[in-house]
Amino acid sequence: MRGDGTLRSLRIGDRELVLEKGDITRHKADAIGNAANSRLAGGGGVDGAIHRAGGPAIMAECRKIGGCPTGQAVVTTAGNLPARYVIHAVGPVWRGGGAGEDELLASAYRSTLERADAHGVETLALPSISTGVYGFPLERAAPIALRTVAEHLKKGKTSLRRVTFVLFNDETMAAYEKALGKLAAGG
Ligand code: AR6
């Protein structure tokens with residue numbers, strides 16, 4: 001814990017939850033998460049960056065799969081990226097908070113973690129789902145994201161050894177550091 005109550009990594013048994021600032025397309029992990037849309041049609045933000053860096057093989061598989069409901073995730077190849085898989089999660093569009101957004105966001109992360117386990121993934125990188133184009137408030141999304149991953153890492157049966165949130169800008173990094181500090185303090 002730092003003096004201001006923020007934190008960059010948390011050990012959970014022999015597993016680890018880490019925060020890092022950067023571009024997820026450059027991150028080396030067995031799998032990286034994507035913040036996709038339910039048509040798996042590509043778009044802007046991290047989704048656009050992943051398809052640009054990974055090449056057309058990812059979209060070819062997305063087309064075959066056809067779509068993914070909000071709160072769920074699907075797995076494709078990672079194409080030219082330095083990962084084996086991309087796990088495309090569909091977070092909720094923010095509609096003011098009364099439309100089940102919190103639970104849908106937690107569900108998108110849970111589904112991603114379950115898919116990772118199903119593929120024997122040991123190291124997973126995740127973006128901050130829904131907090132860009134989809135408008136989910138960062139201060140509300142960060143504790144949900146971290147709590148959901150921490151709960152999963154506490155489970156006896158998971159292949160995951162390290163989950164790293166790769167956060168694109170200072171604002172996002174600060175919100176997650178604050179939320180991780182609170183989580184570690186039991187909040
Ligand atoms: N690495 C890591 N994080 C990134 C990167 C990157 N290269 N690029 C952006 N981010 P967003 P959403 C951050 O908008 O809100 C797309 O069009 C960004 O700063 O990518 O779930 C999809 O096709 C933010 O913190 O995803 C959907 O239609 C976070 O990634 C829609 O946007 C998520 O922002 C999904 O919206």
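Quick notes
- Cβ-Cβ distances below 6 Å connect the following pairs, each with a first residue in the stretch 24-50 that is closer than 11 Å to Gly91 by Cβ, a second residue that is more than 6 Å from the ligand (Cβ to nearest atom) and β-branched (Val, Ile, Thr), and a separation of six or more residues or different chains: Gly33/Ile87; Gly33/Thr112; Asn34/Ile50; Asn34/Val86; Ala36/Val90; Ser38/Thr70; Ser38/Val90.
- Here Leu19 qualifies as closer than 30 Å to Ala184 by Cα and buried (at least 16 other Cβ atoms within 10 Å of the Cβ).
- Any hit, the stretch 89-99, residues being among the small types (Gly, Ala, Ser), modelled with pLDDT of 95 or more, buried (at least 22 other Cβ atoms within 10 Å of the Cβ) and within 12 Å of the ligand (Cβ to nearest atom): yes
- Residue list for the stretch 151-164, restricted to those being out of contact with any strand residue (DSSP E or B) (no Cβ under 6 Å at 6 or more places or on another chain) and assigned to a helix (DSSP H, G or I): Glu151, His152
- Each residue in the stretch 4-16 was checked for being out of contact with any Leu (no Cβ under 9 Å at 6 or more places or on another chain) and either hydrophobic (A, V, I, L, M, F, W, C) or surrounded by 14 or more Cβ atoms within 10 Å (Cβ to Cβ) (or both), and 1 of them qualify.
- For Asp117, the test of being touching a residue at least 40 places away in the same chain (Cβ under 8 Å), part of a helix (DSSP H, G or I) and more than 15 Å from the ligand (Cβ to nearest atom) is passed.
- Taken over the stretch 120-136, residues that are in a loop (DSSP other than H, G, I, E, B), of a type in the set (S, T, N, Q) and under 13 Å from His27 (Cβ atoms) amount to 0.
- Unmet requirement for Gly97, which otherwise passes all of (1) part of a helix (DSSP H, G or I); (2) out of contact with any Asp or Glu (no Cβ under 6 Å at 6 or more places or on another chain): (1)
- All strands (runs of 3 or more DSSP E) inside the stretch 6-58 with 2 or more residues being in contact with a helix residue (DSSP H, G or I) (Cβ under 6 Å, 6 or more places away or on another chain) and within 6 Å of the ligand (Cβ to nearest atom): 31-36
- Take the conditions (1) in a helix (DSSP H, G or I); (2) surrounded by fewer than 16 Cβ atoms within 10 Å (Cβ to Cβ); (3) within 14 Å of the ligand (Cβ to nearest atom); Ile144 misses just one of them, which is (2).
The values are calculated or read from the model by the stated rules, or taken from the named source; none is laboratory data. Nothing here was measured: the structure is a model prediction, and the numbers come from that model. Because the Cβ atoms are built from the backbone with ideal geometry, glycine has one as well, and the counts that use them run over all protein chains shown.
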